[in-house]
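Trainee: I have a structure I would like to understand better, so I am pasting it below and will then ask my questions one at a time.
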Amino acid sequence: MQTGMEREAFTMDKGKNMTVGKPAQLILTFAIPLIIGNLGQQFYMIVDSIIVGQGVGVKGLAAVGATDWTYWLFLWTIQALTQGFSIPIAQRYGMGDSKGIKKALSMSIILCGIMGLVLTALGLCSIFPLLHLLKTPGDVYDGAASYLQIMFGGLLAVMAYNMSSAILRAFGDGKTPLIAMGIAAITNIALDLLFVMGFGFGIAGAAAATVIAQAVAFGYCVFFLVKHGIIKFEREDWRLEKGTLQALSESGCSLAFTHILIAVGGMILQSAINFQGAVFIAAFTAANKLLGLLESSAISLGYSVTTYVAQNWGAKLYDRLKKGLKASVFLAVGLSLVITAIMIFAGKPILSLFINPGDEKAAAVLDISYRCLFLMSCFLSFLYLLHILRNALQGIGCGLATILSGAAEFAVRVSSALYFSRQFGETALLFTEPSAWIAAVVVLTAMAILKFGRRLQSRPADTFRGCDTDARPAP
């Protein structure tokens with residue numbers, strides 16, 4: 001097994017070995033560029049909505065909003081798969097297994113290519129059935145279908161970018177994905193203005209701009225990976241290896257299944273939202289777009305925790321693992337409280353950016369949207385804890401915890417859509433997201449106490465099987 005110095009030499013000079021140093025400092029410094037990068041990603045997604053809302057109107061914004069959960073079903077599946085694939089890579093990095101790292105990289109690329117094609121085909125074939133199933137209003141149906149056709153057509157670019165950035169994160173490199181996302185953000189905004197405002201392409205133009213931006217981000221990541229020799233393979237690296245494929249599949253599929261549960265629950269919730277009409281859809285869309293911005297820091301901290309935990313788990317540094325988890329919880333709660341205060345006082349002016357003030361329904365949309373944002377902001381700490389605990393458990397290969405927490409979110413969203421919204425109307429829908437976060441955190445807290453509250457035991461490296469093992473892949 002390689003030493004820490006050899007491990008650093010194997011990867012790249014801009015990576016980060018998280019098995020040495022102060023846990024809190026490592027997690028925070030790794031998370032900062034990821035936070036900035038995710039903020040950039042959410043920013044250009046928000047720009048999409050602002051340009052559509054201002055350039056196309058409330059119905060255009062509602063059409064984009066009506067597709068949210070449908071697209072997220074596929075996007076989150078991709079993000080979960082790629083994040084899951086990166087966990088064995090990070091664990092092998094912690095172990096110092098250079099041969100195993102290359103094999104995990106090559107097998108991940110093969111799996112991503114296959115899954116990208118499958119998801120693209122499924123997405124394109126499911127557009128009209130899903131929009132019909134979700135009771136999409138007739139006045140926004142065509143716009144929503146057009147948006148999804150382009151977004152699903154570009155899923156391979158989305159898969160490629162997410163996998164390349166996940167590989168970089170596995171080695172502790174948060175800076176390169178940040179630069180890639182910055183380039184993508186600039187590209188997306190420029191193309192939004194050109195396609196929507198300049199050429200008048202409407203919703204389709206916003207979708208095309210997003211896909212192109214993802215492809216540009218992928219191109220930069222690949223350039224960096226090739227330049228630093230990270231994806232320099234030999235012929236034998238491409239030979240299929242059952243153990244590695246199984247380890248990657250188990251890690252990726254448990255996360256993907258969890259996110260599918262969450263997204264399907266969200267789609268059922270979306271049908272209840274769509275039933276409320278274009279004004280409520282537009283209002284909920286504006287709040288959700290801003291929530292994506294607020295959640296981006298939680299996602300980044302979660303990625304940082306996954307890399308930290310996976311590397312230290314692979315190196316069998318269990319005391320460091322626990323210290324890092326505690327530090328992450330404090331960081332998450334503190335950051336969420338700051339963001340909550342900002343949103344409560346500045347949320348309404350920010351939300352007004354999404355809405356054309358000349359629209360006759362603008363006041364009603366803004367009022368509902370701020371009520372939704374206010375409630376979500378008050379419970380934001382639970383969302384941040386959700387990401388910390390879920391990603392920590394993912395880092396040790398505990399797929400059961402992620403599935404159970406996803407099931408809890410699913411149950412809350414479905415019960416709200418099918419029962420509580422009929423009893424309490426819009427109010428129930430506004431409380432749905434915070435309730436789902438709380439339910440998931442309860443499950444994850446119990447699992448975290450079970451896994452981290454007792455002395456962690458090392459087990460054979462060939463027992464990479466879910467929550468009851470040390471999740472270490474075979475060399």
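Trainee: Using a cut-off of under 14 Å, list every residue of region 126-168 whose amide N is near the label point 7 Å from the Cα of F275 along the Cα-to-beta-carbon line.
Mentor: 133-137
Trainee: Right, here's the next one. Using a basic spin-label model with each label point 7 Å from the Cα along Cα→Cβ, how many nm lie between E236 and L194?
Mentor: Reported label-point gap for E236 and L194 is 4.7 nm.
Trainee: Scan the chain and hand back the longest stretch that contains none of the trypsin sites (Lys or Arg not before Pro) lying in DSSP loops with at most 12 other Cβ atoms within 10 Å.
Mentor: 1-231
Trainee: A further question follows. Based on the Cα coordinates of region 186-318, what is the per residue volume of their convex hull in Å³?
Mentor: Details: hull volume 26.4 nm³, N = 133.
Convex hull volume per residue, Cα atoms: 199 Å³.
Trainee: Once you place label points 7 Å from the Cα toward the Cβ at A24 and S249, how far apart are they in nm?
Mentor: 4.3 nm
Trainee: Now for a separate question. Under a 1.4 angstrom probe, counting protein chains only, how are C253, C398, C125 ranked by accessible area, largest first?
Mentor: Values: C253 75, C398 0, C125 105 Å².
Ranking C253, C398, C125 by accessible area, largest first, yields C125, C253, C398.
Trainee: On to the next question. Among all stretches of the chain without exposed GluC sites (Glu not before Pro) (DSSP loop, at most 11 other Cβ atoms within 10 Å), which one is longest?
Mentor: Result, exposed sites excluded: 1-233.
Trainee: Does anyone have the angle between helix 242-274 and the longest principal axis of the chain? Alpha-carbon axes, 0 to 90°, nearest 10?
Mentor: Approximately 20 degrees, to the nearest ten.
Trainee: Also, quick follow-up: Could you look at region 357-420 and say what percent of its accessible area is carbon and sulfur, using a 1.4 Å probe and all protein chains?
Mentor: Looking at region 357-420 in its full context, I get 73 percent from C and S.
Trainee: Near the amide H of D173, under 5 Å away, which other amide H atoms are found, from residues 5 or more places off or on another chain, if H is placed in the peptide plane?
Mentor: Under 5 Å from the amide H of D173: K16.
Trainee: Tell me the Kirkwood radius of region 325-378: reciprocal of the mean inverse pair distance over distinct alpha-carbon atoms, in Å.
Mentor: One over the average 1/r among Cα pairs gives 12.5 Å for region 325-378.
Trainee: Work out, step by step, the length gained on full extension between V442 and V222: first 0.36 nm times the residue separation, then minus their alpha carbon distance; give nm to one decimal.
Mentor: Going from the current span to full extension adds 75.3 nm.
Trainee: Express the accessible area of the chain per residue in Å², computed with a 1.4 Å probe while the remaining protein chains stay in the model.
Mentor: Heavy-atom SASA per residue in the chain reads 38 Å².
Trainee: Follow-up. Using 24 Å as the Cα-Cα cut-off, could you pick out the over-long pairs in K22/K451; K22/K289; K102/K227; K103/K227; K289/K326? Numbers along the way, then the final one.
Mentor: On the way: K22/K451 22 Å; K22/K289 35 Å; K102/K227 16 Å; K103/K227 19 Å; K289/K326 30 Å.
Long pairs (Cα-Cα over 24 Å): K22/K289; K289/K326.
Trainee: A further question on this structure: Could you run the Karplus curve 6.51 cos²θ - 1.76 cosθ + 1.60 with θ = phi - 60° over region 28-34 and give me ³J(HN,Hα) per residue in whole Hz, x for Gly and Pro?
Mentor: 5, 5, 6, 6, 4, x, 5
Trainee: Using DSSP to define loop residues, name the chymotrypsin sites (Phe, Trp or Tyr not before Pro) in region 123-227 whose beta-carbon has at most 14 other beta-carbon atoms within 10 Å. Could you put the intermediate results ahead of the total?
Mentor: Working: sites: Y141, Y147, F152, Y161, F171, F195, F199, F201, F218, Y220, F223, F224; in loops: F171, F199, F201.
Listed in order of number, the matching sites are F199.
The values are calculated or read from the model by the stated rules, or taken from the named source; none is laboratory data. Model, not experiment: these values are computed from the prediction. FYI the Cβ positions are ideal-geometry reconstructions off the backbone, even for glycines, and counts take in every protein chain you see. The protein model used for the area step is the full one, side chains on, heavy atoms only, and it has no ligands, DNA or RNA in it. Shrake-Rupley method; radii C 1.70, N 1.55, O 1.52, S 1.80 Å.
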